[in-house]
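Report on the following structure.
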Amino acid sequence: MGETQDATQVTRFRDRAEAGRRLAERLRHYGGRDDVIVLGLPRGGVPVAHEVARELDVPLDVYVVRKLGLPGHEELAFGAIATGGVRVLNRELIERLELPASWIEAIDAKERRELERRERVYRGERPPPDLAGRTVILVDDGLATGSTMLAAVEAVRQDDPARVVVAVPVAAPEVCEALGSAADEVVCVATPQPMRAVGLWYEDFSQTSDEEVGELLARARRPPPSGGLDADGAVQPLTGTRHDFDSLLERAQDARHVLLGEASHGTHEFYRERAEITKRLITEGGCTAVAVEADWPDAFRVNRFVRGVGEDGTAEEALRGFRRFPVWMWRNTVVVEFIDWLRRFNDGQADEARKVGFYGLDLYSLHASMEAVVEYLDRMDPAAAHRARERYGCFDQFGRDPQVYAYETGIAGAEPCEEAAVQQLVELLALSSQQGDEERPLDGDERFHAEQNARLVVNAERYYRAMFRGGVESWNLRDRHMAETLEELSSHLERIAGRVKVAVWEHNSHLGDNRATELGQAGQLNVGQLVREQHGPRALLVGFTTYTGTVTAASDWGGPAERKQVLRALPGSWEELFHERGTAAFLLNPVRIPGRRLERAIGVVYQPQTERVSHYFHTRLADQFDVVVHFDETTALEPLERTSQWDEGELPETFPTGV
C-alpha cells in the first residue's frame, strides 16, 4: 500500500507519463499476463494508465464513473454509475435519507447522459471490456479523497473480476489504507503527509483533454481476442430443415421450464420459430402446457378451445378475448395457426390429462378477473358469490380504468381495496380445499382458473398502486406475479397429470436472466432470473435477436399497429457482432461468447428516433441466456386486424436511393 511519507521527502513526478512508468515498476508481477487489463479513470488517469499498460504489455481501456450525488450536496454520493451500464446504490443511505425513487431515477438519467457522452468520445463504437474472471488494475493520476476510485472498485465488482487492484502514483496515506478494504490490492507509489492536492505532486499537471484520451486509447488498441463466434460449436447455421433445432430439443430434455423469448412483440420469425420449437417440445419432449405473456382470463378462453370445451368454434373466435392494446400480440396469423394445431393435437389425445393447455401469466385483467371469480362462485356457492360482489364492490368507485385506481390510491390518498382483495382470495382458497382433489382434470382446471383470478386481483391491485411511485417496484411486482403464476400452474398440472414441462412465451426482457444486465444492477428482477434461481439447470432460457428488417409496433402507447422499419443495430451491440458473421440465421451457444455489449429490446412501442435510450441496454449474453437464435433480417408480424398504417408500412431508411 505504501507507508506515510514526510511531504518534504517526496520527489515530485515530472508529468503523468513519468508517474505511469514509476507506477508500472511496482506492478511488474502482472506483466505479460493474458488475464490482466488496465483501466484508466478519465481524464487524468488515462495517460498514467497508458504507460502502465505499455510497460506491462497488457490491454488498456477506459472506465468512466459518475457519482450519484444529492441535489445541492453533490459531494454526498448515494451511488455511482459506470461503464457498461453498471449501477451501484448505497441502499442504507437511501433509506436513511428517505430518497424518493423518482429522485434517484432523475439523477441517474442526468449523470447517465454525461457518462454516455464521454463513452462515445473515448470508446467510439467499441463495446466495453469484458472483466469477468480477469485481474483489473484501476489507475488514476492521484487520490485526494478516494471517493471516485471507491465507486469504481464497487462498480467493477459487478462484472465479476477475479481480482481488483487500485494503482496510483500519489495518494493520501489514509485513503490508501481505506481502499484496502474494498480492493484486493492497493499500490500507491507516494503517500505524502500532508497530501493537500494531487496537482502539487506533479511539475506538469496540465489538464488532459478528451481528444488526448481518445488518442492514447487508439494508440494502445489491440486486435480482438480470438474465439467468440469462431469458437468450435458456438454457432450452428439454420437451414430451414426440421433438424435445425435438434440440439435445442436435446438440451430441453430434462428442463421443467423452457423459456422462449423474443426481441420484439411484433416479429414474424420470432413467433414462427417459437411456435415450431414448441410443437416439437409437445410432440417429442413431453411439454404439458404453453404459458404466455398474456392476461389470464383471455388466455383461459383459448385454453378451453384447445381442450375442446367452451363455445368458440375456431381459433380466431377463441382469440377474440384479446381486446386490450396491443391486440396484435396474440391476434395474429402465427398464433391462429398454432392454436389450430394445438386443438388438432389435443383432439387426438384420449386421456384428458394428456392434453396440452394454453395459459396467461400477466396481471392487467383486474376487472375481468374479478368477474371470473364471481361467475365461478355463482355456479359453486351463490352465498360466497354474494360476498365476493360486496368485496370487489370496493373497486366500483374508481370505474373500469385501472389507471384511475392507480392514481387515486397511489397519489391522491384514496383508501385502497387491498384488504377486500386479500379476504376474497383467502375465502376462495378455503372453499377450494373443502372440495377435495377427487375430481376430473377439467373440473380441477376450472377451479384453478378461479383461484388464479383471485390471486391476480390481489397482485394487480398492488401493481396499480405502485405504478405512479416510479422506480422498479411495479416492474418487479409484475414479474414476480408472472413467476409465481408459472409455479402455481406447474404445481397444478403436476397434480393432475403427474408430470410437467412448460413452454413459456415472453419478451427477452422478461425471460433473460436480469442479473446479467444493467437493468438487474439497477434493482430490476425478472421471470428468467426467478425461474433460474428456483430451478437452476432445469430452466432453459432461449433468446431471439435480429439486426434489421420490419416490425409490427405502435408509435405511442395505445396507438394503432404499424409496420415499421427496424434500424440497423447500433455499433457495439450483440446484433451488430452477429451481423458481421454474414450468416442469415443461426443458433448460438452464448457461453462461448464472453463480454458485455448492447442488446436491443423492442416492445409494443418502437421509437427509432430515440433508439439508444429507448431500446438498448448492456448485457453479458453468456449469463443472460442458455441459447440464442439470431435472424439477421426479419419481417413484421401480420395482425388479424390489419390497419391502413400497417398496410402502407414505412419507407425504408435508404429511400429514395435504395442504397
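For the range 444-539, rounded, prolate or oblate, judged on the Cα gyration tensor with a ≥ b ≥ c (square roots of eigenvalues), a/c < 1.5 rounded, else prolate if a/b > b/c?
oblate
What is the sum of charges around VAL613, taking Lys and Arg as +1, Asp and Glu as -1, for the other residues whose C-beta is under 11 Å from the C-beta of VAL613?
Around VAL613, the surrounding residues sum to +1.
Set the Förster distance to 41 Å, then compute FRET efficiency between ARG28 and GLU114 from the Cβ-Cβ distance, nearest 0.05. Intermediate results must be reported in sequence, preceding the final value.
On the way: r = 36 Å, r/R0 = 0.88.
E(calc), rounded to 0.05, equals 0.70.
Kindly state, to the nearest 0.05, the FRET efficiency for LEU93 paired with THR239, given R0 = 51 Å and r defined as their beta-carbon distance. Write out the running numbers ahead of the final one.
Working: r = 55 Å, r/R0 = 1.09.
About 0.40, to the nearest 0.05.
Mind checking the dipole of the range 207-359: about its Cα centre, +1 per Lys or Arg Cβ, -1 per Asp or Glu Cβ, Debye to the nearest 20? All intermediate terms of the calculation are to be shown ahead of the outcome.
Values: 21 positive and 27 negative charges, 105 e Å.
The calculated dipole for the range 207-359 is roughly 500 debye.
Net charge near ARG304, counting Lys/Arg +1 and Asp/Glu -1 over other residues with Cβ under 12 Å of its Cβ? All intermediate terms of the calculation are to be shown ahead of the outcome.
Numbers: positive: ARG301, ARG307, ARG343, LYS355; negative: ASP298, GLU311, ASP312, GLU317, ASP445, GLU446.
Within the 12 Å Cβ shell, the charges total -2.
How far is helix 382-392 tilted, in degrees, relative to the longest principal axis of the Cα atoms in the chain, given as a value from 0 to 90 rounded to the nearest 10?
Helix 382-392 and the main axis of the chain meet at about 30 degrees.
Students often get this wrong: which residues of the range 458-484 have the backbone nitrogen under 13 Å from the point 7 angstrom along Cα-to-C-beta of TRP557?
The answer is 464-471, 474-475, whose backbone nitrogens lie closer than 13 Å to the label point.
Counting only DSSP beta bridges with both residues in the chain, what percent are antiparallel, rounded to the nearest 5? Provide the component values of the computation, followed by the final result.
Details: 29 of 77 bridges.
Around 40 percent of the beta bridges assigned by DSSP in the chain are antiparallel ones.
Which angle from 0 to 90°, rounded to the nearest 10, does the C-alpha axis of helix 16-25 make with the longest principal axis of the chain?
Value to nearest ten degrees: 80.
At GLU494 and HIS535, where each label point lies 7 Å from the Cα along Cα→Cβ, what is the point-to-point distance in nanometres?
Inter-label distance under the simple model: 1.0 nm.
Run the quick spin-label model on ARG354 and ARG581: label points 7 Å from Cα toward the beta carbon, then report their separation in nm to one decimal.
Label-label distance for ARG354 and ARG581, simple model: 3.9 nm.
Express in whole angstrom the spacing between the alpha-carbon centres of the range 367-407 and the range 602-636.
38 Å
Measure off 7 Å from each Cα along the Cα-to-Cβ vector at ARG323 and PHE345, then give the distance between these two points in nanometres to one decimal.
It is 3.0 nm.
Note down the magnitude of the dipole of the range 524-631 about its Cα centre, charges +1 on Lys and Arg C-beta and -1 on Asp and Glu C-beta and zero elsewhere, to the nearest 20 debye.
Details: 12 positive and 10 negative charges, 37 e Å.
Magnitude of the dipole: close to 180 debye.
Are there any GluC sites (Glu not before Pro) in the range 257-325 that are in a DSSP loop and have at most 16 other Cβ atoms within 10 Å? List them by number. The partial results should precede the final answer.
On the way: sites: GLU262, GLU269, GLU273, GLU276, GLU284, GLU293, GLU311, GLU316, GLU317; in loops: GLU262, GLU284, GLU311.
Of the GluC sites (Glu not before Pro), the ones in loops of the range 257-325 whose Cβ has at most 16 other Cβ atoms within 10 Å are GLU284, GLU311.
How do TRP574, TRP103 stack up against each other in accessible area, from largest to smallest, with a 1.4 angstrom probe?
Ranked from most to least accessible, the order is TRP103, TRP574.
Share of the chain's accessible area from carbon and sulfur, percent, 1.4 Å?
Details: 13090 of 27580 Å².
Answer for the chain: carbon and sulfur cover 47 percent of the accessible area.
For the chain, rounded, prolate or oblate, judged on the Cα gyration tensor with a ≥ b ≥ c (square roots of eigenvalues), a/c < 1.5 rounded, else prolate if a/b > b/c? Before the final figure, lay out the partial values.
Working: a/c = 2.32, a/b = 1.78, b/c = 1.30.
It comes out prolate by the Cα gyration axes.
Multiply the residue separation of GLN403 and GLU284 by 0.36 nm, subtract the distance between their alpha-carbon atoms, and state the gained length in nm to one decimal.
Values: separation 119, 0.36 × 119 = 42.84 nm, distance 4.38 nm.
Difference between extended and current length: 38.5 nm.
What is the percent of Cα-Cα separations in the range 348-484 that go past 23 Å?
Details: 3600 of 9316 pairs.
So the portion of pairs separated by more than 23 Å is 39 percent.
Please report the relative contact order for the chain, taking Cα pairs under 8 Å with a sequence separation of at least 6, and give it as a percent rounded to a whole number. Working shown, then result.
Details: 1266 pairs, mean separation 106.0, N = 659.
Rounded, it is 16 percent for the chain.
Would you mind putting 41-53, 535-547, 243-255 in packing order, based on average other-beta-carbon counts within 10 Å, highest first? Before the final figure, lay out the partial values.
Values: 41-53: 25.5, 535-547: 21.6, 243-255: 16.2.
Order by mean packing, descending: 41-53, 535-547, 243-255.
Relative contact order of the range 339-444, please, whole-number percent, based on alpha carbon pairs below 8 angstrom and at least 6 residues apart. Walk me through the intermediate numbers first.
On the way: 38 pairs, mean separation 21.6, N = 106.
Result for the range 339-444 is 20 percent.
First check a/c for the range 85-185, with a ≥ b ≥ c the square roots of the eigenvalues of its C-alpha gyration tensor; if it is under 1.5, answer rounded, and if not, answer prolate when a/b is larger than b/c or oblate otherwise.
Details: a/c = 1.66, a/b = 1.17, b/c = 1.42.
Since a/c reaches 1.5 but b/c is at least a/b, the shape of the range 85-185 is classed as oblate.
Quick check for you: with a 1.4 Å probe and neighbouring chains kept, what is the accessible area per residue of the chain, in Å²?
Values: 27580 Å² over 659 residues.
Value returned for the chain: 42 Å² of accessible area per residue.
Rolling a 1.4 angstrom probe over the protein chains, ignoring ligands and nucleic acids, what is the accessible area of TRP475 in square angstrom, nearest 10?
60 Å²
Ignoring ligands, DNA and RNA, how do ILE593, ILE496, ILE107 rank by accessible area with a 1.4 Å probe, largest first? Let's see the in-between values first.
On the way: ILE593 5, ILE496 55, ILE107 25 Å².
The most accessible residue leads, giving ILE496, ILE107, ILE593.
The values are calculated or read from the model by the stated rules, or taken from the named source; none is laboratory data. What you are looking at is a predicted structure, and each value in this text was computed from that prediction instead of being measured. In this analysis, Cβ positions are derived from the backbone assuming ideal geometry, glycine residues included, and neighbour counts consider all displayed protein chains. All accessible areas refer to the heavy atoms of the entire protein, side chains included, with ligands and DNA or RNA removed. Shrake-Rupley method; radii C 1.70, N 1.55, O 1.52, S 1.80 Å.
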